[in-house]
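**Student:** My questions all concern the structure below.
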Amino acid sequence: MHPHHLSLRTASFALAFTGSLFAEEASQLAPTIVEAERIEDEPSAVSVISKESLDLFQTSTFSGLSGIVPGFNIVSADSRGYGQVVNMRGSTNTLFFGPPALGLTIDDVPLGDAYSYPSELLELSEIRVYRGPQGPYFGRNGAAGMVEMFTPRPGDEIKTSLTAEYGSYNHIGLGLNTSGPLGGDFSYSLQLFHDQRDGYIRNAFLGTETDDRESNGGLLNLFWNPSDDFELRLRFYAENVDDGSQRLSSLFTPDSFTDASDFRGATDLERYQTSLHSRKNLSWGKIETITSYQTWNLDPSTVDLDLNFAQPANGFADSRSTITQQQDLISNELRFSSNDDASPFTWRAGLFQMWTENEGLASRQFPVFVPVFANFVQDTRFSIDQLNLAAYGNLTWHATDRLAVDGGLRVDYHESEIDRTMRTTSVPNFGIPDTTVRGDRDEWFVSPSLGLTYEVTDSVDAFVRSSIGNKPAGFSAYGDTLALAQFDSEQNWSNEIGVQYDCPAYDLRVGLRAFWDQIDDYQFDQSVPASTNFVVVNADEVTSRGVELDVAWAPVEPVTVRASFGYVNAEFDDYADPFTPGVFYNGNEVPFVPEYTGSTGIRYDFESGFYAQTSVRVAGPTEFDAANTTTFTQDAYVLWDAEIGYATERFSVALYGRNLLDEEYYTFINPQIFAGSPGGPQVFGVRVRTTF
C-alpha cells in the first residue's frame, strides 16, 4: 500500500459524499444537569452533562471532566493533550500512536487521536458520554465509548455575552459569545477566547517560573435555513497555544513545584477545523452529512529529560527531547435516520470515512556512561498514514409498550502504513548506521451489539446490553524494527446491566449499572530495556469489571444535588513481559486507570439572585506502569472547590476557589525519567459576565 493509494481512496470517498450533501446539525436538547438517561434509539445509559453542571464543577478544560462521569477519567501530562490518556471503564489509548478507546465528536465533527482532543472547552450547551462500544450508532468508532459535545445554536434575536476573569498566578481569562440572525435565511454564532497565567513550578536554576500558559481561539458557525426542512452549516474552529515548559518535576524532590532545568521548555500548538454540515428532513426521517478537514500542528514540544542543569566540569551533557508533529485529517459521514416517533421500529444507519496522516520529527539527546562516556543524538523522522471506511446501523424494535429490543452492526476496513528513519550521531563518532522501518497492513472488523430495555414501572427502567468494540492494529514510530513498531488490533467484549429510577414528583433520578469487559490483545505502551525504543505492545487478556452510580436530585426548589461514583477493577489476566523472559504481570492493575472516581456537587440559589455552590471530586489509587511499582503509584486524593456569586439574566459576578485543601498529587507519572506532572495548586479568582 502506498500513500497515493490512500489519498485516491479518500478523495473518491469525499467526492461521493459531497455530491449529496443533506445533513443535520446536532439537535439541542432541553437543559439538564447530570443524568443517566435512556435515549430512545439507544438502550444503554448515557450521562448528560449540561452547561449548568459544568459550572457547578467549575469545569473549563477537557481533563476537568474527570470524576463528573463515573468510569470516565483523563490522565493529563499537562501538555495540551499531547500524551494524555483517556480512560473509559478500563479501556485506554496509548500515549502517542495507538487509536483512542473513547471517540470524540464536537458538533458532529469527529476528532482524530486522543492527543488532538481539545485542552480548553468552548462554551457548550451539552455533553453526552456514552459507555461501552458505540460502533453501530456513530460514524466515528468508539471501542469503549463516545463523547458528544454540542455548542449553543443561535436564537431569533442577537445575543452577546462578555466574560472576564482574574485569579491566582495572574490568571486572565477573556471570552466573547455572540449569536443571532444575519438577515434573510442566515444566522451565526461566534465564540472567541483568551486564557493565560504564570507558571506553577519554580525553576531554581533559572530563578523563575517556566511553565506559563497562554491560548487563544475561536469558533464561527454560519447557518443557512431556506426552509424548515433544510439546513446548511459552515463551521470554522481555530486555537493557538503558546505555552512554556511542561509541568514536570522529579519524583524525589521534596517540593513537587520546584525543578532545576537549565533551559525553558515549550509547547507551541495550533489546531484548525473546517466542516460543512447539511440536513434534509423527509417524510420518513432525515438525511445528514458531515464533511471536515482538520490539522493539528505541534511545533515544537521541548522537554528537559534530566530535569536538572548540565555539569560542564564533569563533561555531562543535557538529556533533552524536541518533538515536532502534525496530524491532518479528512472525514466524511453520510447518515440516515428514522423519525423519533416511528413505530414499531426506529433506526439509524450510515457510511463513514476518515483518513489521517501523522508526520513528525523526534530528536533526543542524552549521555551514555558505559562502556565509555559518549553523547548521543537520535533524530527519528516518521510518517504514518491511516484509512478507515465503515458502514454502521442500529435498529430498535419497540416490541410492546414496555419492551424495546436494540440491535446494531458495524463493519470496518482499516489500512495503515509507516515510513520511519532514525539517524544516530555520537561524540565520539561510533559510525552507527541509520535504521529504517517500512510496512503496511489492512484488516476488516465486524462489531455487533444487542440490548434489551424493559420498563418495569412508570418510574423504573431496567436494561442489559452486550457489544463488541474493536481498535485497529497500527504502528509506533519509536521502534527500531518492524517487529517492534507494529502492534495488533484490540477487541473488547463489553457487557452491562443496569436500572434507572426516575421520579419527577421528587425531582430525583438515579442510575445504577454494573459492567464486565473482556479485552483481548489490550494495547498499551512499554519501554524496551537497554534502548530508547518506546512501543505499543499487546497484553493477551485484560478483564475490567465495576459498578457506576449517578444521582440527580432537587430536594427543595433552591437546592440542586449532583453525585456520581464509579468503581473499576481492570487487571491483566494474561500478560508476559515480551522483553523480559519469565516476568508475568498477571493480576496486576492496568496502568492509567484509577480504582475509583467520584464527585458530589451542591448548589443553593437564593431568591435575591445570590448563590453558593461547592463540589468535591475524588480519584482512587492509580498505577503508571504494568509492574505496579510503588514509586510510580499515585495514591487516592480529594479535590474541594467552592464558589459564591450573584447572577441575574444580564449580569453575574462570582468568587471561586479551587483545590481549597491544597492537595498535592500527580496527574501523570513518567516512569522512564522518574518524573511527574503535579496537579494544579490552590487558586482563587473572580469572574464577571454581562449579557446584552
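Every number here is computed from the coordinates shown, using simple stated rules; none is lab data. Values in this document were obtained by computation on a predicted structure and should not be read as measured data. Positions of Cβ are backbone-derived with ideal geometry, glycine not excepted, and every protein chain shown enters the neighbour counts.
**Student:** Does any residue of the range 429-442 turn out to be free of Cβ contacts under 8 Å to residues at least 12 places away in the same chain and either over 30 Å from S363 (Cα atoms) or polar (S, T, N, Q) (or both)?
**Tutor:** If we filter the range 429-442 for residues that are free of Cβ contacts under 8 Å to residues at least 12 places away in the same chain, which is where we start, we get 429, 431-433.
Checking the rest, the ones that are also either over 30 Å from S363 (Cα atoms) or polar (S, T, N, Q) (or both) come to 429.
The answer is yes; a qualifying residue exists.
**Student:** Going by the conditions given, is D502 in contact with a Ser or Thr (Cβ under 6 Å, 6 or more places away or on another chain), within 22 Å of E548 (Cβ to Cβ), of a type outside the set (V, I, T) and surrounded by fewer than 23 Cβ atoms within 10 Å (Cβ to Cβ)? Walk me through it before giving the result.
**Tutor:** Numbers: in contact with a Ser or Thr (Cβ under 6 Å, 6 or more places away or on another chain): yes; within 22 Å of E548 (Cβ to Cβ): yes; of a type outside the set (V, I, T): yes; surrounded by fewer than 23 Cβ atoms within 10 Å (Cβ to Cβ): yes.
Answer is yes for this residue.
**Student:** Looking for whichever is assigned to a loop (DSSP other than H, G, I, E, B) and among the hydrophobic types (A, V, I, L, M, F, W, C) here; the options are V86, V69, V129, V48. Which one fits?
**Tutor:** Values: V86 fails: assigned to a loop (DSSP other than H, G, I, E, B); V129 fails: assigned to a loop (DSSP other than H, G, I, E, B); V48 fails: assigned to a loop (DSSP other than H, G, I, E, B).
On inspection, the qualifying residue turns out to be V69.
**Student:** Can you tell me which residues in the range 105-142 are in contact with a helix residue (DSSP H, G or I) (Cβ under 9 Å, 6 or more places away or on another chain) and more than 24 Å from G498 (Cα to Cα)?
**Tutor:** S119, L121, E123, L124, S125
**Student:** For the range 339-355, which residues satisfy the criterion of being farther than 11 Å from R140 by Cα and among the aliphatic types (A, V, I, L, M)?
**Tutor:** Within the range 339-355, A342, A349 qualify.
**Student:** Another one. Considering only strands (runs of 3 or more DSSP E) fully contained in the range 250-342, which possess at least 1 residues that are touching a helix residue (DSSP H, G or I) at 6+ places or on another chain (Cβ under 6 Å)? Before you say what the answer is, go through the steps one by one.
**Tutor:** On the way: elements: 266-281, 285-304, 320-338.
Per the criteria, 285-304, 320-338.
**Student:** Check whether at least one residue in the range 343-366 is out of contact with any strand residue (DSSP E or B) (no Cβ under 9 Å at 6 or more places or on another chain) and surrounded by fewer than 17 Cβ atoms within 10 Å (Cβ to Cβ), and report yes or no.
**Tutor:** Residues of the range 343-366 out of contact with any strand residue (DSSP E or B) (no Cβ under 9 Å at 6 or more places or on another chain): none.
The answer is no; no qualifying residue exists.
**Student:** Go through R128, R80, R89, R140 for me and flag whichever is touching a residue at least 24 places away in the same chain (Cβ under 8 Å) and surrounded by fewer than 23 Cβ atoms within 10 Å (Cβ to Cβ). Spell out how you get there, then give the answer.
**Tutor:** Numbers: R80 fails: surrounded by fewer than 23 Cβ atoms within 10 Å (Cβ to Cβ); R89 fails: surrounded by fewer than 23 Cβ atoms within 10 Å (Cβ to Cβ); R140 fails: surrounded by fewer than 23 Cβ atoms within 10 Å (Cβ to Cβ).
The conditions single out R128.
Residue-by-condition table, conditions (1) in a strand (DSSP E or B); (2) among the aromatic types (F, W, Y); (3) out of contact with any strand residue (DSSP E or B) (no Cβ under 7 Å at 6 or more places or on another chain); (4) within 15 Å of S343 (Cβ to Cβ):
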{"site": "D379", "(1), (2), (3), (4)": "yes, no, no, no"}
{"site": "I384", "(1), (2), (3), (4)": "yes, no, no, no"}
{"site": "N388", "(1), (2), (3), (4)": "yes, no, no, no"}
{"site": "G393", "(1), (2), (3), (4)": "yes, no, no, no"}
{"site": "T396", "(1), (2), (3), (4)": "yes, no, no, yes"}
{"site": "D401", "(1), (2), (3), (4)": "no, no, yes, yes"}
{"site": "L409", "(1), (2), (3), (4)": "yes, no, no, no"}
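**Student:** Can you confirm whether the range 602-615 contains a residue that is surrounded by fewer than 20 Cβ atoms within 10 Å (Cβ to Cβ), farther than 25 Å from G546 by Cβ and touching a Pro at 6+ places or on another chain (Cβ under 6 Å)? Show your work before the answer.
**Tutor:** Of the range 602-615, the ones surrounded by fewer than 20 Cβ atoms within 10 Å (Cβ to Cβ) are 602, 604-612, 614.
Remaining after also requiring farther than 25 Å from G546 by Cβ: 602, 604-612, 614.
Remaining after also requiring touching a Pro at 6+ places or on another chain (Cβ under 6 Å): 604-605.
Yes, there is a match, as at least one residue in the range 602-615 is surrounded by fewer than 20 Cβ atoms within 10 Å (Cβ to Cβ), farther than 25 Å from G546 by Cβ and touching a Pro at 6+ places or on another chain (Cβ under 6 Å).
**Student:** Turning to a different aspect of this structure: Kindly list the number of the only condition in (1) farther than 30 Å from P344 by Cα; (2) under 24 Å from the mean Cα position of the chain (by Cα) that fails for R410.
**Tutor:** (1)
**Student:** Could you list, ordered by first residue, the pairs with Cβ atoms under 6 Å in which the first is in the range 223-247 and free of Cβ contacts under 8 Å to residues at least 40 places away in the same chain and the second is surrounded by fewer than 15 Cβ atoms within 10 Å (Cβ to Cβ), at least 6 apart or interchain?
**Tutor:** Partner pairs satisfying both residue conditions: W224/D185; W224/F186; F236/L220; D242/E214.
**Student:** Something else about it: Can you pull out every residue in the range 210-221 that is touching a residue at least 40 places away in the same chain (Cβ under 8 Å) and assigned to a strand (DSSP E or B)? Let's see the steps before the verdict.
**Tutor:** Step one: of the range 210-221, the residues touching a residue at least 40 places away in the same chain (Cβ under 8 Å) are 210-211, 215, 217, 219, 221.
Correct list: S215, G217, L219, N221.
**Student:** Against the conditions (1) more than 30 Å from A642 (Cα to Cα); (2) in a strand (DSSP E or B), where does T580 fall short? Just the number, please.
**Tutor:** Here T580 meets the rest and fails (2).
**Student:** Here's something else I'd like to know. Which residue, of L450, L484, is surrounded by fewer than 23 Cβ atoms within 10 Å (Cβ to Cβ), within 27 Å of the chain's Cα centre (by Cα) and more than 25 Å from T380 (Cα to Cα)?
**Tutor:** On the way: L484 fails: more than 25 Å from T380 (Cα to Cα).
From the options L450, L484, the qualifying one is L450.
**Student:** Right, next: Which numbered condition in (1) within 30 Å of A563 (Cα to Cα); (2) surrounded by 17 or more Cβ atoms within 10 Å (Cβ to Cβ) is the only one that Q518 fails?
**Tutor:** (2)
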